[in-house]
Amino acid sequence: MPLVFLRSLPRRTTPADLLAFLDRVGGLDRRRVGKIDLRGSEATLEVPDGWESRIAKALDGQQLGERKVRAWAETAMETRTSGEDHFARLARLLDMESRAAAQQAAERSRRLSAADAEHEGTSLVNLVVTDEESGLGGRYLLRMAKRNGAPLPWTRLGVGSPVVMSPGEGQESIAYRGLVCERGEASLQVALSAMPDDLADQDTWRLDLSTDETAVERQRAALHQSRSARGDRLAMLREVLLGERAPQFAAELIEPALDAGLNETQQEAVRFALSAGDVALIHGPPGTGKTTTIVELIRRAVRRGQKVLACAPSNMAVDNIFERLLSAGERAVRLGHPGRVTPELREHTLDLLVDDHPDVRLARKMVKEAMGLFRQAERFTRARPAPGARREARQEAKSLLADARRLESQAAEHILDTADIICATTTGLDSSILGTRRFELAVIDEACQSVEPGCWIPLLRCDRLVLSGDHCQLPPTVISREAAGEGFSTSLFERLVAKYGNTVTRRLSVQYRMHQTIMDFSAQEFYDDDLLADAAVKSHLLADLPGVTHLPLTELPVEFIDTAGASYDEELEPDGESRLNRQEAQLVCRKVQELLEAGVPPQSIAVISPYAAQVRHLREELFAPRVEIDSVDGFQGREKEAVVISLVRSNTEGEIGFLSDVRRMNVAMTRARRKLLVVGDSATLSNHPFYRRLIEYFEHVGAYRTVWEEGGS
């Protein structure tokens, strides 16, 4: 029998509910329905031949309980196509990645003590609840701090991180899922959907970084729906994205820029993207203002009367777009858990806009009244209640709750309907909220940071797609080596560049971040020597900053310190797989101290290493609280006035490990604005042609130094 797929079902939906829904909305007698496979918020139904498309069309977007259901059809004997092969492969790799993430978390939990897990940055232990309140769209907020009042250690638990909250000692089976919604130096705030019953019973609590299971479910469903599409706009876009039909472009229109500061390549990219009938790519090398370009594109599309869906893989990237759109006066609404949104922007999230709606304030009163009626119906008194009184009280309470839900739903619908732009992460698009809404244009910024399944979620809802990113920087993070080996780390952006090249792509070429000498090597290696440094940054130096002393250290934009021959040997981290170099770390700490003594503000300095063990070691050795120390991955998309890079690898075999992914070095070097200082062993690095060319470049621009010149031994 043909299949119909349902998503966004209400909680506690039963097969009987679905049969009644099919009968009432789809007009299908329940006796003609075959097997029903119900799993959480999703279901698969067997329907009679010829009914699948009719039922899917009838049910899609219809209300069941408090949710709007999404439905689509697929025949059981569907002919295999290249599209099906592609999506089946992506779904298999997505499952591999999901299992690898869960396995990694489980192994980390088994392998690491509480103290070691905290040291790695994936946990916070020995926490106490210092305050509790309600907020963020009816969620419960817990303020947590160290039991001894000490500052929080460095941690990867940032705003928006999904966490599991569990007792510090014993009762390990008790756990609550939540999100970090604020983080300060000495405390953080966690948002929970329900208040723990045993909050007062536990002395201490532990927070562990968790996986986002909902995101995986949405990606899997998007792949399934995209593969099944027939005869609609999604099917046409799929043909283009799989190379089965050439992308179409209309004539470019010359329109005045809304942002007068755009350069010519940015304006050209906007015109090109607006002319795309199917898909367009904006390639933004480091510092070239691709987000500025994307914001202009979105605003111009709105001026043409189009509804726009603006996405990115991370909450930080979405907030960056969202903030700029609000500053420009656009009518934009942010979807997603308010705890994942920058505090300054939370009042513009759908949850809090709904909470502030007059109808919803009335709905809250109705809920309180309904709860009172429920309590009254259950109360036993000496006087026997009138016949049917309890039943009437319960019915009135249920009616009030239904009216309250209707008011909340109407408020949300009104807010979404009046917005020109909806902003969300790619995996944060919730069908129960958006229903069947479609958008003339979907824009995905930082698209190279998303695995391909994530990009198919917004594709379900758009007529045209624009991707923005840089495939010459780091690819999406993929934990499963097997999945990465089969191409799961290849983003949709990178795949389309390989397939269509300049046919669908425009590259931005003026950068506003780096001194030209910092920029030039990356421009030559990755961008066809086609980058220009804007006059405002072309020759800027640390010495130009207020309060910074004029020294060779602050007057030279680039330096490489060669540790070859100094026996700065790398080593494996004890009980780990990462590597560190203790003597190289000492040299890095000394150079950072010199920068500080020269008057460079600590918050303007970053220390970057490709190896997590070196990052952890540097955090222990470098006593400069406001100097940021992190991995290359942690700094992608960011910048600092001065960047010091520790490359770690130093061995007689000439092995450089994953440094051979040269995009990692491209990211590291292009974080610096005025000063780039690299420390490494040329004898080890030069075995790779990229690093050999890099060292030759350092020599050519007069940036090469030896450790002996720095007083090392």
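The values are calculated or read from the model by the stated rules, or taken from the named source; none is laboratory data. Only a predicted model underlies this, so the values are computations on that prediction, with no experimental measurement involved. Virtual Cβ from ideal backbone geometry, glycine too; neighbours counted across all protein chains shown. To get the accessible areas, we keep the full protein, side chains included, count just its heavy atoms, and leave off ligands, DNA and RNA. Shrake-Rupley method; radii C 1.70, N 1.55, O 1.52, S 1.80 Å.
Key figures
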| read-out | value |
| --- | --- |
| Out of SER509, SER432, SER480, sole residue that is more than 27 Å from ALA246 (Cβ to Cβ), in contact with a Ser or Thr (Cβ under 9 Å, 6 or more places away or on another chain), among the small types (Gly, Ala, Ser) and open to solvent by 10 Å² or more (accessible area, probe 1.4 Å) | SER432 |
| Condition broken by ASN320, with the remaining ones in (1) more than 19 Å from the chain's Cα centre (by Cα); (2) in a helix (DSSP H, G or I); (3) within 30 Å of SER161 (Cα to Cα) satisfied | (1) |
| Sole residue being open to solvent by 20 Å² or more (accessible area, probe 1.4 Å) and farther than 30 Å from MET514 by Cβ, chosen from ALA260, ALA251 | ALA251 |
| Top-ranked residue of region 116-138 - restricted to ones that are open to solvent by 50 Å² or more (accessible area, probe 1.4 Å) and at pLDDT below 85, ranked as nearest to VAL615 (Cα to Cα) | HIS119 |
| Extreme residue, modelled with the highest pLDDT, among residues of region 41-52 that are out of contact with any Ser or Thr (no Cβ under 9 Å at 6 or more places or on another chain) and open to solvent by 50 Å² or more (accessible area, probe 1.4 Å) | GLU46 |
| Qualifying residue in region 282-292 (condition: in a helix (DSSP H, G or I), within 28 Å of THR670 (Cβ to Cβ), open to solvent by less than 40 Å² (accessible area, probe 1.4 Å) and touching a strand residue (DSSP E or B) at 6+ places or on another chain (Cβ under 9 Å)) | yes |
| Residue within region 326-348 that is closer than 14 Å to ALA411 by Cβ and either open to solvent by less than 60 Å² (accessible area, probe 1.4 Å) or at pLDDT 75 or above (or both) present | yes |
| Filter result for GLU217 (surrounded by fewer than 19 Cβ atoms within 10 Å (Cβ to Cβ) and in a strand (DSSP E or B)) | no |
| Considering residues of region 452-509 that are under 23 Å from VAL295 (Cα atoms) and β-branched (Val, Ile, Thr) only, the residue nearest to the chain's Cα centre (by Cα) | ILE457 |
| Unmet requirement for ASN502, which otherwise passes all of (1) out of contact with any Asp or Glu (no Cβ under 6 Å at 6 or more places or on another chain); (2) surrounded by 17 or more Cβ atoms within 10 Å (Cβ to Cβ); (3) in a helix (DSSP H, G or I) | (2) |
| Hits in region 535-580 (condition: under 37 Å from the mean Cα position of the chain (by Cα), surrounded by fewer than 17 Cβ atoms within 10 Å (Cβ to Cβ) and acidic (Asp, Glu)) | ASP544, ASP569, GLU571, GLU573, ASP575, GLU577 |
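Yes/no matrix, rows are residues, columns are (1) within 19 Å of ALA566 (Cα to Cα); (2) surrounded by fewer than 22 Cβ atoms within 10 Å (Cβ to Cβ):
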site	(1), (2)
VAL627	no, no
GLY637	no, yes
ALA642	no, no
SER646	yes, no
GLY654	yes, yes
ARG664	no, yes
VAL667	no, no
LYS675	no, no
GLY680	yes, no
